Amino acid sequence: MSFKSIRFPEEFIESAKNFADKDFRSIPQQIMYWAEIGKQSELRNWQLEKMRLGLKQAQNNHVATDQEVLKAFAKCQKKAV
């Protein structure tokens, strides 16, 4: 795995440090842990949105267009933020 340096606000790093210390993680491990939780949450939201779209289509006897699928994905991304 390769790594890149990125910058975070000092307050964020302090918050990560506080959480990391409690769970015996390094600061980078804590940030990666948070990122993984966020990614999983976003994927779940996307899956739920796809299921809602599929249910709606089944009820209306309709097959979604690519545009409708992209619109549902965009809606999911807004919810995650």
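The values are calculated or read from the model by the stated rules, or taken from the named source; none is laboratory data. Because the structure is a prediction, the values reported are computed rather than measured. Positions of Cβ are generated from backbone atoms using ideal geometry, with glycine treated the same way; all protein chains shown enter the neighbour counts. Surface accessibility is based on the protein's heavy atoms, side chains included, excluding ligands, DNA and RNA. Shrake-Rupley method; radii C 1.70, N 1.55, O 1.52, S 1.80 Å.
Some points to look at:
- Size of electric dipole in the chain: Cβ of Lys, Arg +1 and of Asp, Glu -1, about Cα centre, debye, nearest 20: 300
- Note on residue 68 and residue 39: their simple-model spin labels are 3.1 nm apart, each label 7 Å out from Cα toward Cβ.
- Here volume of the Cα convex hull per residue in Å³ was computed from the coordinates, and among (1) 86; (2) 105; (3) 141 the match is (3).
- The chain: DSSP helices with Cα axial extent of at least 27 Å and average Kyte-Doolittle hydropathy no lower than -1.0: 27-60
- Helices in the chain, meaning DSSP H runs of at least 4 residues, each add -39500 (n - 2.57). Divided by all residues, the mean residue ellipticity at 222 nm is -26500 deg cm²/dmol.
- Spin-label pair residue 78/residue 13, simplified geometry with 7 Å Cα→Cβ offset, distance in nm: 3.6
- Protein-only accessible surface at a 1.4 angstrom probe places the residues 24, 12, 3, 19 in the order 24, 3, 19, 12, largest first.
- Cross-link pairs 22/75; 22/50; 39/71; 56/78; 4/78 - those with Cα-Cα distance over 25 Å: 22/75; 22/50; 4/78
- Between residue 57 and residue 4, the contour length at 0.36 nm per residue exceeds the alpha carbon distance by 14.8 nm.
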